[in-house]
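Just so it is clear, none of the values below were taken in a lab; they were calculated from the coordinates. Being a predicted model, the structure only gives us computed values, none of them experimental. Here Cβ is always computed from backbone atoms with ideal geometry, including for glycine, and neighbour counts include all displayed protein chains.
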Amino acid sequence: MLFAQRLQGVASSPVRDLLALIDRPEVISFAGGLPAPELFDLDGLRAAFDQVLSTPAGRRHLQYAPTEGNIDLREIVAGRMSARGLPTTAGDLLITTGSQQALTLIATALLDPGAVVAVEEPTYLAALQCFQLAGARIVAVPGDQDGIDPAALAAVLHAERPRLLYLVPTFANPTGRTLTPARRAEVADLAAAHGTWVVEDDPYGELRYRGEPVPALASHPVAADCVLHLGSFSKIAAPGMRLGWVRSPARLRSALAVAKQAADLHTSTIDQAAAAAYLAATDMDAHVRGLRDAYRRRRDAMITAMPRTAPPGSTWTDPDGGMFTWLRLPEGHDSAALLPEALKRDVAFVPGAPFYATRPDRATLRLSFTTHTPEEITEGMRRLAEAFGT
Ligand SMILES: Cc1ncc(COP(=O)(O)O)c(C=O)c1O
């Protein structure tokens with residue numbers, strides 16, 4: 001056998017494979033979860049890199065650095081998290097190379113081969129890859145428009161005794177759904193009662209287009225000792241920075257730091273320093289407000305076009321935030337079979353099946369509304385209607 005056993009059955013991400021296929025300017029892509037590049041603050045980020053590199057003292061930002069991360073950056077991130085209702089100190093945080101790395105570090109620290117990981121189904125593809133690579137056995141828990149179903153979760157916790165529960169509770173990838181406050185309280189109680197670790201993956205929480213913020217799972221006192229909360233710079237600043245963080249209970253911190261040392265010693269010193277300088281100099285709340293306004297219009301363009309795009313009998317989510325809507329075609333449709341028809345018309349989406357850990361619903365697909373302007377979205381949906389034969 002050429003490769004290690006842990007790679008058996010772990011496929012390349014169909015999303016990333018598809019992105020390589022559709023990298024042509026004429027394609028309107030609803031496939032990748034790509035933030036709008038024209039909304040990246042190019043001037044602000046260039047100024048931040050300039051600032052940290054333009055004096056001799058800047059040499060330290062090109063040096064090796066502590067594993068836990070840049071202290072200024074951790075303090076600013078902790079301040080922003082606290083302001084959003086999750087009291088956090090710099091000491092609670094480990095800076096990671098994207099929140100994706102936090103998933104790997106958590107898997108390394110917590111999962112032995114054969115460990116059970118419970119996920120809401122469907123869920124974030126690269127989290128499934130990460131847990132599969134760790135040799136975990138993934139158990140799916142059903143949910144509905146209000147997120148994971150607490151009664152079903154209670155049954156799984158009882159029957160399977162998972163080591164870890166993975167959730168994207170706010171504006172989930174791929175469904176766009178948000179776990180309601182009442183269910184959050186139930187999930188926190190259940191996790192605490194069963195001693196199950198919970199990963200609350202929250203890259204989208206700040207991108208809310210309607211309604212009131214909901215409290216983080218990690219903010220429930222009963223679950224304070226078992227919830228790891230993941231955040232990211234990717235969707236509010238720029239994913240190419242590859243900067244994320246994990247807020248973890250004290251008892252896990254040194255294990256995560258050891259895992260990080262083994263992975264990459266520390267996240268890029270210069271990128272962290274520039275991010276800290278950027279956050280200190282920028283009115284991030286105003287920047288995020290600008291993102292929200294732009295993305296709200298894009299979501300509205302997609303949802304408005306949906307009734308004339310989706311075949312009669314389809315259902316879809318109308319998300320309060322984030323980047324995705326989740327479309328279910330009528331029974332009997334296979335979204336993967338429709339993808340070539342869409343690609344022929346220079347429009348793309350991601351078939352839903354790979355987001356399922358167990359039994360895929362092949363009638364589903366994911367559409368991202370953040371990458372293109374409202375006008376392009378309207379045109380893309382027109383092409384999609386043709387591909388669907390609507
Ligand atoms: C739910 C979820 N978690 C984590 C990530 C990874 O983000 P990052 O760029 O911070 O590594 C993504 C990216 O799309 C995501 O959707």
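Annotations
- Nearest-0.05 FRET efficiency for ALA182 and ALA159, computed from C-beta distance (R0 25 Å): 0.60
- 16 Å reach of a label modelled at LEU53, 7 Å along Cα-to-Cβ, counting backbone N of the range 60-98: 60-64
- Volume per residue that the Cα convex hull of the chain spans, once the total is divided by residue count, Å³: 147
- Within a Gaussian network of the chain (alpha carbon springs, distance under 10 Å), most fluctuating of ARG184, ARG24, ARG289: ARG24
- Using only side-chain charges placed at the Cβ, +1 for Lys and Arg and -1 for Asp and Glu, the dipole size of the chain relative to its Cα centre rounds to 400 debye.
- For the range 234-390, the relative contact order comes to 23 percent (Cα pairs under 8 Å, sequence separation of at least 6).
- Span from the the range 105-133 Cα centroid across to the the range 187-240 one, whole angstrom: 17
- Placing a label point 7 Å from the Cα of ALA281 along the Cα-to-Cβ direction, the residues of the range 45-79 with a backbone N closer than 11 Å are 45-54.
- Dipole moment magnitude, nearest 20 debye, the range 21-137 about Cα centre, only Lys, Arg, Asp, Glu C-beta charged: 280
- Separation in nanometres of the label points that stand 7 Å from Cα toward Cβ, at LYS344 and ASP189: 5.4
- Computed from Cα atoms alone, the Kirkwood hydrodynamic radius reported for the range 182-319 is 18.0 Å.
- A P(r) calculated from all alpha carbon pairs of the range 161-223, with 10 Å bins opening at zero, reads 22, 54, 22, 2 percent.
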